[in-house]
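The values are calculated or read from the model by the stated rules, or taken from the named source; none is laboratory data. Owing to the predicted nature of the structure, the values given are computational and were not obtained by experimental measurement. Counting neighbours? That spans all protein chains shown, and the Cβs are built from the backbone with ideal geometry, glycine included. Heavy atoms of the whole protein, side chains included, go into the accessibility calculation; ligands, DNA and RNA do not. Shrake-Rupley method; radii C 1.70, N 1.55, O 1.52, S 1.80 Å.
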Amino acid sequence: MTALRGTLRIARRELRAYLVAPWAYGVATIFLVLTGTIFFVVADGSREASLRFWFPNLAFVLVVTAPIVTSRLVAEEWRSRHLDILLARPISPVALVVGKWLAAVAFFVLLLTPTLVYCAFLAAWGTPDWPPLLASYIGVVLLVGFFCAIGTMASALTPTAVAAGLGAFAVLVVAQLANNVPAVHGFSFQPHLESFARGAPGLEDAIYFATATLAPLVVAAAWQTIRRRGASALRGGRLRAAAVPAAVLAATLALNLVPVPAGARVDFTASGRFTLSRQSKEVLRNVKQKAVVTAFAPENTPQARDAAVLLAQFRRVNSNIHTQVLDFAKAQGEALRLGAEDDGEVAVEIGERKEVVAPVLEQTITSALQRLARPQPQTLCGLEGNGERRLDSEAPQGFQLARLAAERNGIETKGLDLTVAKAIPPECTILAMGGPTAALLPEEVGLINDFMARNGKMLILAEPGGPNLDAVTTRWGLRLLPGVVFDPQRAQAGDPTSLLVNDFPTESPVSKGVDAAALVTAGAITTAASEDTGLSVARVLQSSDQSWLEANPSATPAKYEADKGDRGGPVVLAGAADRSEAKAGGENRLPGGGASIARTRLLVFSDADWASNAILDRLSNARLLANSLNWLAQEEDLVAIPGIDPDLRRLEITDADRTAMGWGSIAGVPFGVMLLGAGVWLRRRRR
């Protein structure tokens, strides 16, 4: 410890020199203008309540500013011959180097402190995931320590501040560009900073920053030791003095080339994005065939490295799973073969079957693997011919987005006109009836009932005033009631028939992960008499206690009148029926044989608008639809994929908010630091 005696004294002296130097405030102002501009551009472009794209760009600013700040640390002392005086005192060369490095790190930490205002902006207009943000700032502090160590070494080895600044800048640029050179990729700081920025740092990242910071400091301290002792080449003193830093540099290179296990990683993200869940691991262990998972992302981007980190977890659990990350623009042939259409998608192959899903998440990939492992694919057939809304309709009331959601969850779709069909095709595993306006023909009712009697699955999205569907639903314990539900307490935009529903009366896979759903002009559902005593019927959605079913929706003003046929709340808005029977054979979740459960399932909603193109993206409607489809497909154990990234925390900002964010980040914060610097300058002038 004697070698470090005087370290804090040197650090305090240097930091005090920074805080009273007007040029330091100039550097700070420019630094904050650059970081503020990058923050505004990134936040405004992504509208994401996170800084995961800002932190890697921050490295560019530090590459420029760190050499400027650290260039004077030792070189200026050498030029002014003050270094000889310092080394003549009872301060070791190690203490001198470490003290000056600590001062530079402390100065940059002070520079980063105003950037916490950016976090305040994110909190004001979004819901950030705080642990990854904290991990990102820790990563930046480690990066600052590395940059300042390089700057300190350059300043110790060169006679002038200009040469030191240029030398440090050259080394840092090489360390950044090494990320694009496979042979020296391990020496780049960029992927390690991104590990912290994504909120999932690993052991390899800690090793990199520890060794990359220690090695330059050892070199700088060794060179100052040579100066102090006056070691000469004739006596071999310089060679002996260079032995320690040479060994440290060699150890640094070796440590950063040793592969670190993929599991040596801490995942701070709220959803555990880069750590496979227990359920996923169980699914992956049951994949007995060779599976290939191909993610598409632009080469050498954070998205590509995020995908690589995630896919490494899959390979680690099951050696049958092979993974790769390709650039869509450079792998057009492979993308065409797999059916991928853009970056951000994942192609999963098992045998001759393949599926393309998005986004690149554990849930999407695991669900695709499990679906492909099943012997029978799922096909949803949308009924047509009685005024139903079509799956390929792009109109606001159409179901094109619902069709895309089904396909995103690995369920194929097709239209089926029962008015002309003689039978329901065998590939149809799920029937969907969306908002019929005309009564079903007896032949259609017969086809549907026969389909359901053979363990069929069906989704009905009915509209108030639509045809009577009792011939299909009552045998399964559900019945649609006439009328419209009014709920003034949970109305959206002042419309009492536009409902915000967050009451899920039973624990159901259909409502799992659904915070609230938006329904428009919904009717009601009630339990009907059923001849099947083995049938299980459950309420899925219901309105609030203050709602009622209005028997005469055209009456004004609308009010609850029990004597006129109105029903008081809560009113059931969606119901599910499930009938199960055990069979000795048949389809199983995964290949392996054994007994299976044959199920008949019916899911009825008293509103069709909630799944339409105009409303599906509101609240948790997309999640509700994905859950519904997976439940009908008997895959409720799969995680439903609503088509959005659960880690994607959106910024909800108006034009006024955007203006405030721009002025605050680009001008407000730097101006405050500039005023502080002006005050320091005036105070020094008065002395």
Restricting attention to the range 476-497, which residues are outside any helix (DSSP H, G or I) and at pLDDT 85 or above? Gly477, Leu478, Arg479, Leu480, Leu481, Pro482, Gly483, Val484, Val485, Phe486, Asp487
Per the list (1) more than 29 Å from Lys354 (Cβ to Cβ); (2) of a type in the set (S, T, N, Q); (3) open to solvent by 30 Å² or more (accessible area, probe 1.4 Å), residue check on Gln400 breaks on (1)
Filtering the range 287-313 down to residues that are part of a loop (DSSP other than H, G, I, E, B) and in contact with a helix residue (DSSP H, G or I) (Cβ under 7 Å, 6 or more places away or on another chain), which residue is nearest to Phe189 (Cα to Cα)? Asn300
Restricting to the range 201-211, what's the tally of residues that are open to solvent by less than 10 Å² (accessible area, probe 1.4 Å) and either among the hydrophobic types (A, V, I, L, M, F, W, C) or without any contact (Cβ under 8 Å) to a residue 40 or more places away in the chain (or both)? 1
Answer with yes or no whether Ala124 is surrounded by fewer than 20 Cβ atoms within 10 Å (Cβ to Cβ), part of a helix (DSSP H, G or I) and at pLDDT below 90. yes
For Ile138, which of the numbered conditions (1) more than 17 Å from Val109 (Cβ to Cβ); (2) surrounded by fewer than 20 Cβ atoms within 10 Å (Cβ to Cβ) fails to hold? (1)
Among residues of the range 314-324, those that are open to solvent by 20 Å² or more (accessible area, probe 1.4 Å) and either under 17 Å from Pro191 (Cα atoms) or not small (Gly, Ala, Ser) (or both), counted: 7
Could you please give the count of residues in the range 441-464 that are assigned to a loop (DSSP other than H, G, I, E, B), under 24 Å from Asp417 (Cβ atoms) and under 42 Å from the mean Cα position of the chain (by Cα)? 5
Report every pair of residues separated by at least 6 positions or lying on different chains whose Cβ atoms are under 7 Å apart, first residue within the range 553-566 and at positive phi and in contact (Cβ under 8 Å) with a residue 12 or more places away in the chain, second aliphatic (A, V, I, L, M) and surrounded by 10 or more Cβ atoms within 10 Å (Cβ to Cβ). Gly565/Ala551
The listed residue being of a type in the set (S, T, N, Q), farther than 30 Å from Gln289 by Cβ, modelled with pLDDT under 85 and open to solvent by less than 40 Å² (accessible area, probe 1.4 Å), out of Ser596, Ser554, Ser547, Ser511: Ser511
Give me the residue from the range 441-476 that is more than 21 Å from Leu535 (Cα to Cα) and among the charged types (D, E, K, R) and, out of that set, surrounded by the fewest Cβ atoms within 10 Å (Cβ to Cβ). Glu443
Among the listed residues Thr113, Thr65, identify the single one that is out of contact with any helix residue (DSSP H, G or I) (no Cβ under 6 Å at 6 or more places or on another chain), at pLDDT 90 or above and among the hydroxyl-bearing types (Ser, Thr, Tyr). Thr113
Assess whether Ala215 counts as being more than 23 Å from Pro359 (Cβ to Cβ), within 33 Å of the chain's Cα centre (by Cα) and modelled with pLDDT of 85 or more. no
Residue count, the range 562-577 (criterion: open to solvent by less than 50 Å² (accessible area, probe 1.4 Å), of a type outside the set (Gly, Ala, Ser) and in contact with a Phe, Trp or Tyr (Cβ under 9 Å, 6 or more places away or on another chain)): 3
Restricting attention to the range 360-391, report how many residues are closer than 24 Å to Gln303 by Cα and assigned to a loop (DSSP other than H, G, I, E, B). 2
I'd like to verify a number: residues in the range 652-687 that are open to solvent by 40 Å² or more (accessible area, probe 1.4 Å), in contact (Cβ under 8 Å) with a residue 60 or more places away in the chain and outside any helix (DSSP H, G or I), how many? 1
Evaluate the following for Ile644: is it at pLDDT below 85 and part of a loop (DSSP other than H, G, I, E, B)? yes
Can you say whether Leu157 is modelled with pLDDT of 90 or more, open to solvent by 40 Å² or more (accessible area, probe 1.4 Å) and farther than 30 Å from Ser46 by Cα, as far as the supplied structure shows? no
If we ask which residues in the range 417-433 are surrounded by fewer than 21 Cβ atoms within 10 Å (Cβ to Cβ) and without any contact (Cβ under 8 Å) to a residue 40 or more places away in the chain, their number turns out to be 7
Considering only the range 324-356, state which residues are β-branched (Val, Ile, Thr) and either assigned to a loop (DSSP other than H, G, I, E, B) or more than 25 Å from Gln378 (Cα to Cα) (or both). Val325
Based on what the data block shows, is Thr473 touching a Lys or Arg at 6+ places or on another chain (Cβ under 9 Å) and under 24 Å from Phe399 (Cβ atoms)? yes
Considering (1) under 19 Å from the mean Cα position of the chain (by Cα); (2) on the phi < 0 side of the Ramachandran plot, say which one Gly199 fails and leave the rest. (2)
